[in-house]
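So the structure is just underneath, and the comments pick up after that.
The values are calculated or read from the model by the stated rules, or taken from the named source; none is laboratory data. None of the values given here were measured: they were computed from a predicted structure. Every residue, glycine among them, receives a Cβ derived from its backbone with ideal geometry; neighbour counts consider all protein chains shown.
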Amino acid sequence: MVTYYKAHAVADALEVLGRKDVDARALLGGTDLLVGLDDRLDSAPGVVVDLKGLADETPLAVEDSGVRIGLTVTMADLVANPTVAAWYPALVQAAGVVGSVAIRNRATVVGNICNASPASDTAPALLVHGANVRIASADGERVVPISEFFVAPRVTTCGRGELVTAVELPRPVPGTGSAFQRLTRRWGVDLATVSVAAAVHGDGRIQLGLGAVAPTPLLVDLPAGTDLADRAVLDPVLDEALAVATPISDIRAAADYRTAMVRELAARALQAALDSTRRTQA
Amino acid sequence: MGDALRSQEVGTLRPDGNVGTRTKRYGGLERASGAQKYVADLEFPEALQVAIVTIPVGCADILGVDTAEAEAMPGVVGVLTAADLPSPMPRFGVSHKDRPVMADGRVNFYGEPVAAVAALTQEQADAAARVVKVDYRELPGVYTLDAALAPGAHLVQDPSDPTKRAGDALRETNVIEEQTIAWGDLAEQEAKAALVVEDSYSYPMMTQFPIEPLAVIAEPTDVGGLTLYTPVQHPYLMQRIVAGLVGKTLGQVHVIAPDPGGGFGGKQIPKYEPLMAFLALKLGRTVRLTLNLAETTTAIRRAGATVHARTGFTSEGDIVFHHVRIDYQIGAYADVAPRVMTKGSYVGGGPYRLPACLIEARAVLTNTPVSTAMRGYGAPQISWATESQITDGARRLGLDPARVRLRNLVENGEEFVKGEFAGKADGEWKQAVEKAMELAGWDDPLPPNRGRGIAVGIKSSATSGLSQSLVRLLYDGSAIVYAGTSDMGQGARTIWAQTVADELGVPLEKVTVISGDTDLVPFDLQTSASRSTVFMGTAVLRACRDVRRQVREMYAERVGVEPGELDDEPGAVLTAEGAVALDEAARIGLGALRGEVLGQGTCRLEGRKGHPLGGDASFYEFNCSISEVELDAGTGQFVITRHVSVSDVGTELNPIQVTAQEEGGAIMGIGQADMEQLVFDEHGRLLNPSAIDYRVPTYKDVPLELFTSAVENHDGPGPYGSKGMSEGPILCTGAALGAAVTAAAGVKITDLPLTAERIWRATRAAAEGAIA
């Protein structure tokens, strides 16, 4: 029998999540946790700690320096914020295709990264946006770049007795553009077969975030200043950069198809990111 | 054939009536709002919850089942194993009584029950089921058609078992039944062919995916009987099979079948009900089993198939011969799958004028979950191949694939299956093709990356049947109709209410429809093969006519005229002085003691001995579908920009329901063509039982434009000239969509589903071939 615990403050939640005598799992939107429990496959946790009513939680904070995504911020909240939409197109495009409308009204960004699926929709975008993950514990707080957050499928650096309280995004430098591309088996409500986020930063850096092609979402840097409009230049650069992708064959796709698609989507995402830069400048 | 059913009393539509209008769904508000009670919504506070014990392989000998630990678990009331059942193991089935109530010393498919645990709560039952120790030795099961047909293959059914294959010429093989349909001289016709198209095709296994998963409650009664609650399409078949297994009379087995939440053929034949009946009787307690979606997906499926076809064409596009070999992958036990094979292959030549045809079909046993009926039965599998052949032939001859079909389509009354058991067209089928072409804008030019494809489908409906109905006209002018058809979403109740309202002149809102209860409702053979409008519809119509006749006679007697001086018509008794409203005439006839008028109607069609289908089809469903896609060549993904489905329905008894069935069938067919498939691993385990990896279309996957239409010539054998129509739109969807993808991609796809990966792979292979 699973015990339900409603936490009212971060400290309160941390105490239960830190207990050694019981397997505790954090509950936000429940769109991953409850589905797993429903399938009667996952071993059920001893206690589910509901974090939706934390009194000391800051939901979505927009500041000059960037955006702070608190742990209860849903995909729908994120998509609806005009500043987030203007600064982080890749993230908003990714959050906008998670599940369905009903799922986006429940699912949180923090929950999505903590679930640590290799196919997480928001992770590739958060990677190219340079997100930092704020992790609280009884001993205080630490901040981890999201590129170091994912350890393995379903495993992150957030350990027992810790809680991700926010994802923080630095404000992009002027002239930055970004975009997200995803391949699914059907058009509505699906998990990514392959996903790619691209950012063309105003300072010349070019980055790709790759989903569902490795045990964790990957961040890849392309040489700064690569001429993205020239396929003769871009193609060998992509060949080299995407060699880090090590997709598997599974029920959703074969490895060679994923390899080809990450290449295809990367080219499309880069082009779209470049276009969004031009739109910003115009 | 339809003529056997057709009677002079099919009736004409009343201009002011309900039949033929967009009457709102009977019980529709409850169904849409969630108020309708499905089996899993019924509350049985005293019921024990049941968990089924299975093993994680598809084929194994069971060496031992140890339930001691499970029986000691908290809340556990009892465990049922094969040892608790009579010996030999009771088996059931329709054509073959081969399916054991639970695994009989050997597991023959993934998910076959080995034991069942009953406990106070579901959690307790699940926990106890996990500690039932099953000692087994895995066997080299056959999980594919190739494996099952290979020399020396493991035999799914023991050839020496007298209850199964003994005496069967095919018993040393995994072929459970085969059928050959042949006419004409293939070699002679091949000599006339300017082009022979030859190819192999495959059609995957898929599941019915009803939104309501399977559930069953078994309740022992105080008088030694048994009540079963189950969302079954055939309550009377369930009653017969369970009564036979547990040794009760039909009257002792009471089946209550609340309207199913979708069936699509998957809820016809017993699955867990016999096991639950034995469990309830063993424990003397009410027991309840509710499966989730993933468990339901594992339990019911459509047969997959592989097909090899050779088709000859003249340069003008006349089809001169068609030769098809098709193997249906039916699973571990027969269920209705041999009939899926015979009915599917009977129409394997398509609705065409073929000088020579040879269809060689086999139903093949494999160690996979048992396949059963599904919308379209065996027709979509063979249509995928036959229609793709015709598309390919047209393309290679430089002819228009729609006009090649029109050129070869049979006329009304013409034979498309020749020989002793000929099949004849029973409709103006070209009209459906012409209408579909018009709706699709068939001759309009397409933008780049688009492709358009056309296909036609045909399916024989029921070849025998029996439906009985009672209609009670009550003293206050309201009416109750008893009709055993299961309303699983197709809207059967609405059609009966419309019919009774019109025939008796009763306002629609004063008609009550009772079904789904074998204690209350008279016999109906089954809800399948789109038969109900024709069979039960005729029974209801006759019951209404019986009420009218009785009212006329009672009225005549009461007012003192000879019955022969009176007549009746829908809603009225006709006298020399004029029409008397039927309810008024009934009140006069019934007199001071009141009472009611009870009418009875029966519709019976006997089969025909020796016929490959067991009899002539009562009618055919005919459909023409046209798909248009826009392809993303870089990924292989496509968007269905337009889809058109037109069926010959005889008469639209309720146009909104016809549209709903047409649209629903088309969308289901599209899902089955472009994403659905069950995938098993090398141990026979289903890899994608859950909705995460068994994909069905969402609203974002339906065509951007979906047009449906009906051909109405009032030429069906059912009431008011109707035909059944719920399967038509799924018959050839795969072939239409496949043809559209082929046109857009420039490569022929021969395997379903049409996944992006498959299309990408085919286009890449073609491009590499072109370079090489």
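For region B:114-143, taking the residues that are in a loop (DSSP other than H, G, I, E, B) and over 25 Å from the mean Cα position of the chain (by Cα), the one that is nearest to B:THR67 (Cα to Cα) is identified as B:VAL132. Any residue that is in contact with a Lys or Arg (Cβ under 6 Å, 6 or more places away or on another chain), surrounded by fewer than 24 Cβ atoms within 10 Å (Cβ to Cβ) and more than 25 Å from B:GLY20 (Cβ to Cβ) - is there at least one of those in region B:667-675? Scanning region B:667-675, I find at least one residue that is in contact with a Lys or Arg (Cβ under 6 Å, 6 or more places away or on another chain), surrounded by fewer than 24 Cβ atoms within 10 Å (Cβ to Cβ) and more than 25 Å from B:GLY20 (Cβ to Cβ), so the answer is yes. Pairs please, first residue from region B:119-131 and in the same structural domain as B:LEU279 (by TED's automatic domain parsing), second anywhere and surrounded by fewer than 18 Cβ atoms within 10 Å (Cβ to Cβ) and of a type in the set (Gly, Ala, Ser), Cβ atoms under 8 Å, 6+ apart in sequence or on different chains. Within 8 Å, the pairs are B:ALA119/B:GLY75; B:LEU120/B:GLY75; B:THR121/B:GLY75; B:GLN124/B:GLY75; B:ALA125/B:GLY75; B:ALA128/B:GLY75. Within region B:699-736, the set of residues being part of a helix (DSSP H, G or I), in contact with a helix residue (DSSP H, G or I) (Cβ under 9 Å, 6 or more places away or on another chain) and more than 14 Å from chain A (Cβ to nearest Cβ) comprises B:PRO719, B:TYR720, B:GLY728, B:PRO729, B:ILE730, B:LEU731, B:THR733, B:GLY734, B:ALA735, B:ALA736.
From the list B:GLY650, B:GLY599, the one residue that fits, being more than 28 Å from the chain's Cα centre (by Cα) and more than 14 Å from chain A (Cβ to nearest Cβ), is B:GLY599. Of all positions in region B:67-82, at least one carries a residue that is part of a helix (DSSP H, G or I) and free of Cβ contacts under 8 Å to residues at least 40 places away in the same chain. Looking only at region B:684-735, residues that are surrounded by 24 or more Cβ atoms within 10 Å (Cβ to Cβ), under 21 Å from the mean Cα position of the chain (by Cα) and among the small types (Gly, Ala, Ser) come to 8 in all. Scanning region B:271-285 for residues that are at pLDDT 95 or above and under 17 Å from the mean Cα position of the chain (by Cα) turns up at least one hit.
Could you grab me the full set of residues in region B:259-294 that are of a type in the set (Phe, Trp, Tyr) and either in the same structural domain as B:ALA691 (by TED's automatic domain parsing) or within 16 Å of B:PRO369 (Cα to Cα) (or both)? B:TYR272 - this is the single residue of region B:259-294 that is of a type in the set (Phe, Trp, Tyr) and either in the same structural domain as B:ALA691 (by TED's automatic domain parsing) or within 16 Å of B:PRO369 (Cα to Cα) (or both). Screening the candidates B:ASP519, B:ASP568 for the property of being farther than 25 Å from B:GLN661 by Cβ and in a strand (DSSP E or B) yields one hit, B:ASP568. Just one of (1) under 30 Å from B:LEU525 (Cα atoms); (2) over 34 Å from the mean Cα position of the chain (by Cα) trips up B:HIS96, so point out which. That leaves (2) as the condition not met.
Listed by first and then second residue, the pairs linking a residue in region A:131-146 that is among the hydroxyl-bearing types (Ser, Thr, Tyr) to a residue that is modelled with pLDDT of 95 or more, with Cβ atoms under 7 Å apart and 6 or more places separating them unless they lie on different chains, are A:SER137/A:LEU14; A:SER137/A:GLU162.
For region A:220-261, the set of residues classified as within 30 Å of B:ASN688 (Cα to Cα) and either touching a Gly at 6+ places or on another chain (Cβ under 8 Å) or part of a helix (DSSP H, G or I) (or both) consists of A:LEU242, A:ALA243, A:VAL244, A:ALA255, A:ASP256, A:TYR257, A:ARG258, A:THR259, A:ALA260, A:MET261, listed by residue number.
Restricted to region A:1-110, the set of strands (runs of 3 or more DSSP E) holding at least 2 residues that are out of contact with any strand residue (DSSP E or B) (no Cβ under 6 Å at 6 or more places or on another chain) and surrounded by fewer than 17 Cβ atoms within 10 Å (Cβ to Cβ) comprises A:60-63. All conditions but one from (1) in a loop (DSSP other than H, G, I, E, B); (2) at pLDDT 95 or above apply to B:GLN179; the one that does not is (1). Checked against the criteria, B:ILE759 counts as in a helix (DSSP H, G or I) and within 23 Å of B:TRP384 (Cβ to Cβ). Would you say A:ALA245 is surrounded by 17 or more Cβ atoms within 10 Å (Cβ to Cβ), more than 14 Å from every other protein chain (Cβ to nearest Cβ) and closer than 30 Å to B:LEU678 by Cα? The answer is yes for A:ALA245. Counted as qualifying within region B:262-362 are the helices (runs of 4 or more DSSP H) with 2 or more residues that are out of contact with any helix residue (DSSP H, G or I) (no Cβ under 7 Å at 6 or more places or on another chain), of a type in the set (D, E, K, R) and more than 14 Å from every other protein chain (Cβ to nearest Cβ), namely B:337-346.
Of B:VAL696, B:VAL629, B:VAL639, all but one fail to be under 30 Å from B:THR742 (Cβ atoms), in contact with a Gly (Cβ under 7 Å, 6 or more places away or on another chain), assigned to a strand (DSSP E or B) and within 13 Å of another protein chain (Cβ to nearest Cβ); the exception is B:VAL629.
Would you check if there is a residue in region B:668-678 being among the acidic types (Asp, Glu), within 19 Å of B:ALA455 (Cα to Cα) and within 14 Å of chain A (Cβ to nearest Cβ)? Yes: one or more hits. The criterion of being in a loop (DSSP other than H, G, I, E, B), closer than 17 Å to B:LEU365 by Cα, acidic (Asp, Glu) and within 32 Å of the chain's Cα centre (by Cα) does not hold for B:ASP146.
Please enumerate the residues belonging to region B:52-92 that are of a type in the set (Gly, Ala, Ser) and either within 14 Å of B:GLN124 (Cβ to Cβ) or buried (at least 18 other Cβ atoms within 10 Å of the Cβ) (or both). If the condition is that a residue be of a type in the set (Gly, Ala, Ser) and either within 14 Å of B:GLN124 (Cβ to Cβ) or buried (at least 18 other Cβ atoms within 10 Å of the Cβ) (or both), then B:GLY58, B:ALA60, B:ALA70, B:ALA72, B:GLY75, B:GLY78, B:ALA82 are the ones that fit. Scanning region A:185-212 for residues that are touching a residue at least 40 places away in the same chain (Cβ under 8 Å), within 14 Å of another protein chain (Cβ to nearest Cβ) and not small (Gly, Ala, Ser) yields A:ARG185, A:VAL189, A:LEU191, A:THR193, A:VAL194, A:VAL196. Residues in region B:627-636 that are out of contact with any Ser or Thr (no Cβ under 8 Å at 6 or more places or on another chain) and of a type outside the set (D, E, K, R): B:LEU631, B:GLY634, B:THR635. Under the condition of being in contact with a Lys or Arg (Cβ under 8 Å, 6 or more places away or on another chain) and farther than 30 Å from A:LEU17 by Cβ, the residues counted in region A:159-178 number 1. Taken together, A:GLY159, A:GLY177 contain a single residue that is over 20 Å from A:THR31 (Cα atoms), surrounded by 21 or more Cβ atoms within 10 Å (Cβ to Cβ) and away from chain B (no Cβ under 14 Å), which is A:GLY177. Can you say whether B:GLY393 is at pLDDT below 95 and either among the small types (Gly, Ala, Ser) or under 18 Å from B:LEU613 (Cβ atoms) (or both), as far as the supplied structure shows? It is false that B:GLY393 is at pLDDT below 95 and either among the small types (Gly, Ala, Ser) or under 18 Å from B:LEU613 (Cβ atoms) (or both). Consider region B:529-565 and keep the residues that are charged (D, E, K, R) and not in a helix (DSSP H, G or I). The one that is surrounded by the fewest Cβ atoms within 10 Å (Cβ to Cβ) is B:GLU562.
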